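The structure under discussion appears below in the form of structure tokens.
FYI, it's all coordinate maths here, none of it is from the lab. Model, not experiment: these values are computed from the prediction. All Cβ positions, glycine included, derive from the backbone under ideal geometry; neighbour counts span all protein chains shown.
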Amino acid sequence: MNAITQDVASAPTLDLAGSRLAALNAWVAEVAGLTRPDAVVWCDGSDGENAALIAQMQADGTLLPLNSETHPNSWLHRSHPDDVARVEHLTFVCTSDRDDAGPNNHWMSPADGHSKMDGLFDGCMRGRTMYVIPYCMGPIDSPLSRCGVEITDSPYVVTNMRLMTRMGAPALARIEREGRFVKGLHSIGELDPERRFIMHFPEELTIKSYGSGYGGNALLGKKCHALRIASHQARQEGWLAEHMLILGVENPQGETHYIAAAFPSACGKTNLAMLIPPQGYRDAGWKIWTVGDDICWMRPGADGRLYAINPEAGFFGVAPGTSAASNPNALKCIQSNTIFTNVGVTADNQPWWEGIDDGNEPALDWRGEPYDANKRPAAHPNARFTVSAKQCPSYSPEAENAAGVPISAIVFGGRRASLVPLVFEARDWTHGVLVGAAMGSETTAAATGAVGVMRRDPMAMKPFCGYNFADYFSHWLSFDNGENKLPKIFHVNWFRKGADGKFLWPGFGDNLRVLEWMIGRVEGSASAVETPIGHLPRAEDLNLDGVELSGEARDVLFGFDRDGWKAEFDSIGDYLEEYGPRMPQSLKDEQRRVAGSLSH
Ligand code: GDP
Ligand code: PGA
Ligand code: MN
């Protein structure tokens, strides 16, 4: 035992042995020895524990109570103004071989990564309490689920993890049974952007995150575990960990198709997952069931179909733009028991953000200063709500099914003002993998940096794939093994703009019209036109009853711009080349095939 551990062991308040799993106790002791907290708390996830944490955070100003008549049991957290989004430039994947992380990740050697992080963690919890949070990603009894333990010095993280994961005693019991778990160590540190890193050690199933309290950086079950570490595990174990929502579409005959869709952050996952059918569809009996809004883990079942679970238990959604008109289900979710981060407030302490359209006026902005439209928006553009999925009126009972739900269609999509039509269908799995690999999207406020810049974001995983994209595409291709009954693959673009700079497609509830066409394609009843980029519907192939589209909108949303696509495919070819010989030949061949057919 080293001197540090002895020092901690002699401190009477520290209960380092909270588990029957020796490896877990040993790791907690090692972390406490390094970080030197005043106390260690093993979280059981109980109501009492949560109430005590909230009372403590209310007392020290971390959480501000919102209007208890309009928003019972709901809280506002104002983050440090420099800590409002994910930080991709400070996020690293540390693999022994640099090529295993790939050009898609920032890399550091595991030795350098650990020594940098351990230097930051050294003594950082002095005067603070260290919380040990056992959690399960996915239904507690599902073979598809995986567990982790997050150690943090932030009670805000504990209460958020309680909403976002199955956290506490049942998770600990599963970890003790299985003997394995992902280790996540987090400290808010000094919230200094100069001392902030999010590091992943996939070979050790370990995460170390320092200096940020923001969701994607600090709630380690989410992007760090369920995407970066899990994508690495999934490749080894033959499944997929994806940045996808999962929804069920029930038709008037009572049949439900499940669809998984990958869109980059702040490009419409939460909204699509909670879609309200247009009036005509509602009258006819169409229903949407929400399974998940951000992450999807799937693997082939005995029948060869892909079965998916949502590893999360809650939503960490973008607040701005959420209104009774755009996403009534989300709005109903967040009427109570919700933590709001970086929204504005009205004079009577109701949460407020741009686009809420509730007739109220903001009094204070997200920094707590009097609202001044000329100074800054009331809510930060990446302001978020955290809420249990159980509060969602459209939450699917199947979300708790240990076996997962069978996926009929996979959808890729980005934010593309030009070129990309409303929807098209890939010819086959290999072409679909290319469609996903070729995804581009304009950047959003979900990560720090410029907004609105077009970049390649394959399968919406650019910030989240824990290994080399070339190997990731090979892994995707490997599912087409002659035995699996794979879903059809589609591409959508809700964000095409007209000459006036306005969106051409109404989006939101009307996106069901596009989903209905996809289901028609899966069932063999809907028509399409063959083009070099895939099967494109004509406007008359969709039910557009009651949708007002100008002639321009129709031409553009359902059109195919051969010259534009030629240039796009040249750029996709260049992109695939950046990965060198590791890029699977069959994907490069597919790109050449499409590029070739665009030339004549
Ligand atoms: P997520 O981060 O991928 O879950 O994205 P959200 O569903 O939270 O949406 C992010 C932003 O895109 C919000 O401002 C939404 O209002 C907007 N959005 C979502 N769906 C649509 C759509 O179909 N059309 C348009 N124009 N905007 C959308
Ligand atoms: P999202 O990601 O924008 O995909 O919901 C949350 C995050 O930024 O951590
Ligand atoms: Mn979301």
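Details
- Per residue, the average separation of C-alpha pairs within less than 8 Å and at least 6 apart gives the stretch 340-490 a relative contact order of 19 percent.
- Relative to the current alpha-carbon distance between Leu549 and Ser336, full extension at 0.36 nm per residue lengthens the span by 72.9 nm.
- Relative contact order (percent, whole number), the chain, Cα cutoff 8 Å, 6+ residue spacing: 14
- Sum of side-chain charges, Val345 neighbourhood, beta-carbon under 12 Å (Lys, Arg +1; Asp, Glu -1): -2
- Counted over the chain, the DSSP beta bridges are approximately 65% antiparallel.
- For the stretch 315-391, averaging the sequence separation of C-alpha pairs within contact (under 8 Å, six or more residues apart) and dividing by the residue count gives a relative contact order of 42 percent.
- Ordering of 568-574, 145-151 by packing [mean C-beta count within 10 Å, highest first]: 145-151, 568-574
- Shape of the stretch 528-569, Cα gyration tensor, a/c cut at 1.5: oblate
- Extension gain for Ala567 to Ala417 (0.36 nm times residue separation, less C-alpha to C-alpha distance): 52.4 nm.
- Förster-model FRET efficiency, 22 Å R0, Arg20 and Ala52, C-beta, rounded to 0.05: 0.35
- Per-peptide packing, taken as the mean over residues of other Cβ atoms within 10 Å, places 67-74, 514-521, 397-404, 211-218 in the sequence 211-218, 514-521, 397-404, 67-74 from highest down.
- Taking 24 Å as the limit for the C-alpha separation, the pairs Lys287/Lys462; Lys222/Lys488; Lys183/Lys332; Lys222/Lys269 exceed it in the case of Lys287/Lys462; Lys222/Lys488; Lys183/Lys332.
- With the simple model of a label 7 Å out from the Cα in the direction of the Cβ, Asp38 to Ser115 spans 3.4 nm.
- The Cα center of the stretch 111-136 and the Cα center of the stretch 236-265 differ in position by 36 Å.
- Mean ellipticity per residue at 222 nm, deg cm²/dmol - from DSSP H runs of n ≥ 4 across the chain, formula -39500 (n - 2.57): -8000 deg cm²/dmol
- Lys, Arg +1 and Asp, Glu -1 on Cβ, resulting dipole of the chain about Cα centre, debye, nearest 20: 420
- Net charge in the neighbourhood of Ser323 (other residues with Cβ under 9 Å of its Cβ; Lys, Arg +1, Asp, Glu -1) is -2.
- In terms of other Cβ atoms within 10 Å, Asp118, Asp541 run from fewest to most in the order Asp118, Asp541.
- With eigenvalues of the C-alpha gyration tensor scaled by 5 and rooted, the chain, Å: 39, 28, 22
- Prolate/oblate/rounded label for the stretch 103-185 (Cα gyration tensor, a/c 1.5): oblate
- One decimal place: the segment Ala324-Asp283 gains 12.8 nm when fully extended, by the rule 0.36 nm per residue minus the C-alpha distance.
- The ranking of Phe479, Phe181, Phe315 by Cβ neighbour count inside 10 Å, starting from the fewest, reads Phe479, Phe181, Phe315.
- A cut-off under 12 angstrom between Cβ atoms defines the neighbours of Thr430, and their net charge, with Lys, Arg +1 and Asp, Glu -1, is -1.
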